[in-house]
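In what follows, a single structure is set out as structure tokens and then discussed.
The values are calculated or read from the model by the stated rules, or taken from the named source; none is laboratory data. Remember, it's a predicted structure, so these values are computed and weren't measured experimentally. Ideal geometry is used to build each Cβ from the backbone, glycine not excepted, and the neighbour counts take in all protein chains shown.
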Amino acid sequence: MTLRRCLIPGPVRSLGLFATTSLIALGMAFGPASAQEQQTPEQPAQEQQAQGEQTTQTEGEREAAEAAQALASGEADEPVVLNAPKPDARRVYVQDPAHFAAVTQQFVIDGSTGEVIGMTDGGFLPHPLPAADGSFFAQVSTVFKRIARGERTDYVEVFDSETFEPTADIELPDAPRFLLGTYEWMNALTPDNKQLLFYQFSPAPAVGVVDLEGKKFDRMIDVPDCYHIFPATPDVFYMNCRDGSLAQIDISGEEPKVTNTEVFHGEEELLINHPAYSMRAGRLVWPTYTGKIFRADLTAEGAKFLDPIEALTEAERADGWRPGGWQQTAYHRKSDRTFLLVDQRDEWRHKAASRFLVVMDGNGQRIAKFELGHEIDSINVSQDDEPLLYALSAGDQTLYILDAETGEELRSVDQLGRGPQIITTHDMDS
């Protein structure tokens, strides 16, 4: 699969940034010498000093002049391919499914600076999966022999997180992956980063296991009619079932062991398709269409359900406030805070973008309600001590980066494809 990385021609970088000033800079670089040659002994020293001050170059003009000279001498003819910096908590991945296009892109961004540090290409409806420790990132993808038709191939790609070179390309037999709008937890890495789990919908529900260490497909596991994948340990994961319970699935033996939890939500309490899950904390945060948030701690021993919390007041719900967007929920592990996109909207408009965000603490108390100033489809949050809030607008093709504590917009990154939808991060402390 084609891979695009950050191409930065050495000295040309300055020329690109200061192209409009390069000629001025060159004029200033050579102008003073001509002026000095025409200087007559009779000119007062003060006048010479004044002329010198007028021709002093700014740093930008000097860099532009140096870059132009390097280009003219042939020193900068070849581009230089740089490695990305080591991943940290603020690196963010923006997946652009491009409105169901056959060929797609993923943008890799430094949240601290707003710089795009690299890109990868993908196929149809790829699912991004950054390793929690930053050691690699992967994606599950699909391509067709004739680009948009023909023989189908499903595969897993694994990328080095600094060079962006693919380190594994693993084909999945019989094209098993479920092709649907990019839902973050329909695929998952196990906590030890040794296996990748993906969901099969047809001909029967199943979870596929990919051995990342051995770089090979392992097996398909029959599961109940449940969906989403929330790993608790390398051998235990949970899925959400239609009866309102979670299925705990243990794959450590030859045959999977399935145990259902208690029913934690009623039939009328419809869950949004995009929960937030912290694999390091084992915390699942799942809002309903009305803003009620269910929470559970998932371990190998079982699921512990916490008391639900309400993100919206009764008055707000009566006034038409509801959650909405694509990836509407984010969770910050250290502060135990939940972030939820909300707006005033008609019922069943839960996929429409939102202009507001509410922040809830671990006790269910609202900490803040921010007006975002943009139509936001998806959110996520970095996991460091002073977290950044990532707010993505598919309509603007822009990632807005905010202070998660104050809601202040710090910077933005635009021109992110055609319809970016999913934001993922490494679950790192710094």
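Quick look at the numbers
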item: Exclusive hit being among the polar types (S, T, N, Q), in the same structural domain as residue 187 (by TED's automatic domain parsing), assigned to a loop (DSSP other than H, G, I, E, B) and surrounded by 17 or more Cβ atoms within 10 Å (Cβ to Cβ), set 112, 141; result: 112
item: Counted residues, the stretch 107-124 - those being more than 17 Å from residue 170 (Cβ to Cβ) and either polar (S, T, N, Q) or at pLDDT below 95 (or both); result: 2
item: Qualifying positions in the stretch 147-183 - over 25 Å from the mean Cα position of the chain (by Cα), loosely packed, with under 14 Cβ neighbours inside 10 Å and part of a loop (DSSP other than H, G, I, E, B); result: 148, 149, 150, 151, 173, 174
item: Close pairs (8 angstrom Cβ cut-off, 6 or more residues apart or separate chains): over 24 Å from residue 111 (Cβ atoms) in the stretch 64-88, in a loop (DSSP other than H, G, I, E, B) and of a type in the set (Val, Ile, Thr) anywhere; result: 79/8; 80/8
item: Unique residue being assigned by TED's automatic domain parsing to the domain that holds residue 313, free of Cβ contacts under 8 Å to residues at least 60 places away in the same chain and closer than 30 Å to residue 318 by Cα when the list is 265, 228; result: 265
item: Filtered residues of the stretch 248-259 (kept if of a type in the set (S, T, N, Q) and buried (at least 17 other Cβ atoms within 10 Å of the Cβ)); result: 248
item: Complete set of residues in the stretch 85-100 that are surrounded by 18 or more Cβ atoms within 10 Å (Cβ to Cβ) and hydrophobic (A, V, I, L, M, F, W, C); result: 89, 92, 94, 98
item: Residue within the stretch 182-189 that is over 19 Å from residue 96 (Cβ atoms) and among the hydroxyl-bearing types (Ser, Thr, Tyr) present; result: no
